[in-house]
1. Given the structure, is A:Gly85 outside the structural domain of A:Ala256 (by TED's automatic domain parsing) and modelled with pLDDT under 85?
2. Among the residues of region B:141-159, what is the count of those that are surrounded by 19 or more Cβ atoms within 10 Å (Cβ to Cβ) and either within 14 Å of another protein chain (Cβ to nearest Cβ) or touching a strand residue (DSSP E or B) at 6+ places or on another chain (Cβ under 6 Å) (or both)?
3. Between residues in region A:129-140 that are surrounded by fewer than 20 Cβ atoms within 10 Å (Cβ to Cβ) and residues that are assigned to a loop (DSSP other than H, G, I, E, B), which pairs lie under 7 Å by C-beta distance while being six or more apart or on different chains?
4. With the requirement that a residue be under 21 Å from the mean Cα position of the chain (by Cα) and not acidic (Asp, Glu), what does region B:114-131 give you?
5. Looking only at region B:73-84, filter to residues that are touching a residue at least 40 places away in the same chain (Cβ under 8 Å) and not aromatic (Phe, Trp, Tyr); which one of those is surrounded by the fewest Cβ atoms within 10 Å (Cβ to Cβ)?
6. In region A:238-245, is there at least one residue being touching a residue at least 40 places away in the same chain (Cβ under 8 Å), basic (Lys, Arg) and touching a His at 6+ places or on another chain (Cβ under 8 Å)?
7. Within region B:46-89, can you find the residues that are part of a strand (DSSP E or B) and over 13 Å from the mean Cα position of the chain (by Cα)?
8. Restricting to region A:375-390, give me the number of residues that are crowded, with 18+ Cβ neighbours inside 10 Å and assigned to a helix (DSSP H, G or I).
Amino acid sequence: MNQVRYFWPFIKLGLSDVWRHKTRSLLTMLGMVFGVGSVIAMLAVGEGASQQALDSIKRLGSENIMVMSVKPTEDEGTSTGAQRGRLAVYGLLYEDEKRILETVPGVVITVPARMTRRNARLNERQLEMRVVETIPGWFEVVQRPILAGRVLTANDMQMRANVCVLTEHGVRRLLAAEEMIGQRIRIASGVFEVIGIVKNETGGTVRAPDSEADAYIPITTGTKLFGEANIRYSAGGMEGEKVELSQIIVKMSNTAAVEPGSKAIEAVLARFHKKKDFRIDVPLTLLREAERTKRTYNIVLGAIAGISLLVGGIGIMNIMLASVTERTKEIGIRRAIGARRSRIVVQFLINTCVLSIGGGLLGLLLGVGIPFLITAFTDMPTVVQPYSLALAFGISVGVGIVFGLYPAMRAAALDPIEALRHE
Amino acid sequence: MIIQTTESLRPLSDEVVRLDGVTRHYTVGEEIVRALDGVSFSMRRGSYWAIMGPSGSGKSTMLNILGCLDRPSSGAYWLNGENVAEMDDNALSDHRLRNLGFVFQSFHLIPQLTVSENIEVPMLYLGLSQSDRKRKAEVLAERVGMSHRLRHLPSELSGGQRQRVAVARALANDPAVLLADEPTGNLDSTTSVQIMGLFQELYEQGKTVILVTHEPDIAAYAKACIVLKDGVILSVTEEGK
């Protein structure tokens, strides 16, 4: 309290000084404005990116490796009229799943899945759904809250039961409010009883293993009903493809096993697949990429911030040195009255801090504005942290003290007799 | 005058200023300039002195030493019972703050501060609370007849008014000695008379006043006089003579 009482007149003096030289002060503050602005913006962008990365883990599971069937590229290139009607056979096999499980160390579970798009119908409503033929393990690997009913069980598998689990969004679009559990829906040629509803991830930039309108059925039922070939009839005849498994999700025992695991899987599969008809996605790698991006942003913005703060600080120091010369007589008067050197130092430090904090506050506005623009124009998520305010203040005070010290010492070192004589 | 060596007797209790063999030498190039060359005198509490002399007589050096802005090269200077000659910069600053009030020829008010704020500066360094400072500044302004200008800036005042404010500021720490350096040097004769009247009042109220001047008619206001020449005392006219 005593200190505040002592400091306030000097803060007031600093403020009136800034006000008297408005243009000069504003120009002096600019460096601080950009420096603090970019620090705040950097944190906002960084925070946005890391939240996005966190979402990616949630969506994909950082311990998972996704192996997907891919139509080999040369097939696409030569898909001419003459070759129409041919049944394209490619992709992952049950054999592959078995090999991965047996040879790759650290594998906890493998989940095979076959995905096809089929028409689902309930009474008058129709919806094209993605039918995921899979095993109960799916729900272990892709963990989503169960909203109603239950998920697939080993029993469903054995019985080749005509049951399905739907995703929340699919349910809503098929049947808005009615109780869905126990209803029968028709999917392509089969009739399925709805046994459960799970929540699904929506939006986001990283592809999740689940989609909006999914129907999960036992893979055994799928094989019995639909077979393994997916044949589409079109005007020119028939076009089909046979894919045993669209996807194998491999869950590893821990994140450390993920990268060696993905290499081992690649090696195992490459031995048996002459054509490159599979792709391996590692969510962890995507995560690392997101982190790298974030780091790049931090380095770039951090450098801008550092340089701006340095330039800003030097600008402030320059002005304060001029101010010391300008106020030499005042310093002499204060010293003659009985101010110790340290009091002169404090006075000029406060004066410098008034400038740097003023710049810092303007910079804060800029720092909140930049992320807003970034989000508006690049749809990169940004999160302005509340502690940014304290940080802006801290940086400002720091710069004020660091760059104010030299002018303040110069002021205090003046000989009072000489200073009083100064005109 | 008897020139005494280094450590002298402690001053008597009513001696507010006592110089014992004070010298001040500057080295300019290879030459040693003896600005003060063995000066001794004492001043009683509540006295009114003038220090006179032509320029180059050591008057300014004397003022700086008396004002604790400079230290003697040798000798002792007792101010209010303490030997200032051996103090460091901080102790000297504190001494100025507690025991001295300055009135300068060109007023030396801080231009950005109002009359009230200027008077408050010494009190600020003494650590008085804002309300105490305000109250005391009003009393002091009243005492020098400036209470109607408290919110004005020095630039809005006449020379005589500025000097009144400076006197009020010099009194803000209730100093043992009021040190005035050519206080009327920048004022016209009418205003000079008014300001000297103010010093007379302060003397009558019991303040110790030291005037440093080269004008004999200003020095005449004082009750005693020391004349300096070439760094030594030429003559001392004691009180009542």
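1. Numbers: outside the structural domain of A:Ala256 (by TED's automatic domain parsing): no; modelled with pLDDT under 85: yes.
Against the criterion (outside the structural domain of A:Ala256 (by TED's automatic domain parsing) and modelled with pLDDT under 85), A:Gly85 does not qualify.
2. The total comes to 1.
3. Sorted first by the residue in region A:129-140, then by its partner, the pairs are A:Arg130/A:Ser211; A:Arg130/A:Ala213; A:Pro136/A:Val151; A:Pro136/A:Leu152; A:Pro136/A:Thr153.
4. Of everything in region B:114-131, those that are under 21 Å from the mean Cα position of the chain (by Cα) and not acidic (Asp, Glu) turn out to be B:Val115, B:Asn118, B:Ile119, B:Val121, B:Pro122, B:Met123, B:Leu124, B:Tyr125, B:Leu126.
5. Across region B:73-84, the extreme among qualifying residues is B:Gly81.
6. no
7. B:Met52, B:Ser74, B:Gly75, B:Ala76, B:Tyr77, B:Trp78, B:Glu82, B:Asn83
8. Residues meeting the conditions: 1.
The values are calculated or read from the model by the stated rules, or taken from the named source; none is laboratory data. Worth saying up front: this structure is predicted, and the values here are computed from it rather than measured. Methodologically, a virtual Cβ is constructed for each residue, glycine included, from the backbone with ideal geometry; neighbour enumeration extends over all protein chains shown.
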